[in-house]
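Some notes on the structure that comes next.
The values are calculated or read from the model by the stated rules, or taken from the named source; none is laboratory data. The model shown is predicted, which means the values in this text are computed figures rather than measured ones. Here the Cβ positions follow ideal geometry from the backbone for every residue, glycine too, while neighbour counts run over all protein chains shown. Note: areas computed on protein heavy atoms with side chains; ligands, DNA, RNA excluded. Shrake-Rupley method; radii C 1.70, N 1.55, O 1.52, S 1.80 Å.
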Amino acid sequence: DVKVTQSSRYLVKRTGEKVFLECVQDMDHENMFWYRQDPGLGLRLIYFSYDVKMKEKGDIPEGYSVSREKKERFSLILESASTNQTSMYLCASSSPRLGKETQYFGPGTRLLVL
Amino acid sequence: GQQVMQIPQYQHVQEGEDFTTYCNSSTTLSNIQWYKQRPGGHPVFLIQLVKSGEVKKQKRLTFQFGEAKKNSSLHITATQTTDVGTYFCAALWGFNKFYFGSGTKLNVKP
């Protein structure tokens, strides 16, 4: 079974803090994604990566950056957290080699910015 | 960015009734996937549709991809309480980039 883990289930930070969300997958997947999920808006893509050190912006990259130094790990960084970044953050991975491009999601990190 | 419109946003049904959610796009899609997210859980892959007019079934769930590959639907026959959750479509554009619909939250009353 594919396993995608996220470093925290719940996180409380203060405005202006730098926040790191980490995601690790154990299936050697090439692609990794960061989404945020807000009620009524579905899942919105922040960034994705299709290889080590490669990244592409999604729909809402402003205020976020990412890092992929190793294939299994994809980090989302909030440089200076703001209250409008309070949300559920979901990491996912997939592999085009499997032909299905199925995305496997982690359990999510619920971030509250005060 | 690209948009996938999903309706309805909410659906409340009595157990045993049918349920359908729809996804629509203004542009032709490479493929479309469907995911289910249980309350408090994360999205879990259900199925992928690739061919024009494709219909796939999983027990009580029927998935369709439109002839023009611009719309898709998920139909559940005789809903059960275990069907409760939010159903998302996700459309693939270009290289490995997915756009999710806003989801349909299904509530089933026993």
Counting every C-alpha pair in the range A:48-114, the percent lying more than 13 Å apart is 70
Listed by chain and number, the lysines with an alpha carbon less than 22 angstrom from that of B:LYS51, same-chain partners under 8 positions apart left out, are A:LYS100, B:LYS36, B:LYS59, B:LYS69, B:LYS70, B:LYS97
Sequence order, the range B:70-85: Karplus ³J(HN,Hα) from phi using 6.51 cos²θ - 1.76 cosθ + 1.60, θ = phi - 60°, Hz rounded, Gly and Pro as x, gives 10, 8, 8, 9, 10, 10, 10, 8, 6, 4, 10, 5, 6, 7, 4, x
Under the Karplus relation with 6.51, -1.76 and 1.60 and θ = phi - 60°, whole-Hz ³J(HN,Hα) for the range A:106-114, x at Gly and Pro, equal x, x, x, 10, 8, 9, 10, 10, 9
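Would you please name the trypsin sites (Lys or Arg not before Pro) within the range A:7-103 that are DSSP coil residues with at most 14 other C-beta atoms within 10 Å of their C-beta? Numbers along the way, then the final one.
Values: sites: A:ARG9, A:LYS13, A:ARG14, A:LYS18, A:ARG36, A:ARG44, A:LYS53, A:LYS55, A:LYS57, A:ARG68, A:LYS70, A:LYS71, A:ARG73, A:ARG97, A:LYS100; in loops: A:ARG9, A:ARG14, A:LYS18, A:LYS53, A:LYS71, A:LYS100.
In loop regions of the range A:7-103 (DSSP not H, G, I, E or B), the sparsely surrounded trypsin sites (Lys or Arg not before Pro) are A:ARG9, A:ARG14, A:LYS18, A:LYS53.
For the protein assembly as shown, compute Rh as the Kirkwood radius over C-alpha pairs and then the Stokes-Einstein diffusion coefficient at 37 °C and 0.692 mPa s; write the answer in µm²/s, rounded to an integer. Kindly include the intermediate steps, with their values, before the conclusion.
Values: Rh = 17.9 Å.
For the chosen part, D equals 183 µm²/s.
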Any aspartates and glutamates whose Cα falls less than 18 Å from that of A:LYS57, other than same-chain ones fewer than 8 residues away, would be A:GLU22, A:GLU30, A:GLU69, A:GLU79
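Quick check: with the 1.4 Å probe, what order do A:ASP59, A:ASP28 take by accessible area, largest first?
Working: A:ASP59 60, A:ASP28 85 Å².
The ordering from most to least exposed comes out as A:ASP28, A:ASP59.
Rounded to two decimals, what ratio of Rg to Rh does the range B:5-109 give with C-alpha atoms and a Kirkwood Rh? Kindly include the intermediate steps, with their values, before the conclusion.
Numbers: Rg = 13.1 Å, Rh = 13.7 Å.
Checking Rg against Rh, the ratio lands at 0.96.
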Residue by residue through the range B:61-68, the couplings from Karplus 6.51 cos²θ - 1.76 cosθ + 1.60 with θ = phi - 60°, in Hz, x for Gly and Pro, are 9, 10, 10, 10, 10, x, 4, 8
Taking every alpha carbon pair in chain A and sorting the distances into 5 angstrom bins from 0 up to the bin holding the longest one, the percent per bin comes out as 2, 13, 24, 26, 19, 10, 4, 1, 0
For B:LYS57, the aspartates and glutamates lying under 19 Å Cα to Cα, once residues fewer than eight places off in the same chain are dropped, come out as B:GLU17, B:ASP18, B:GLU67, B:ASP83
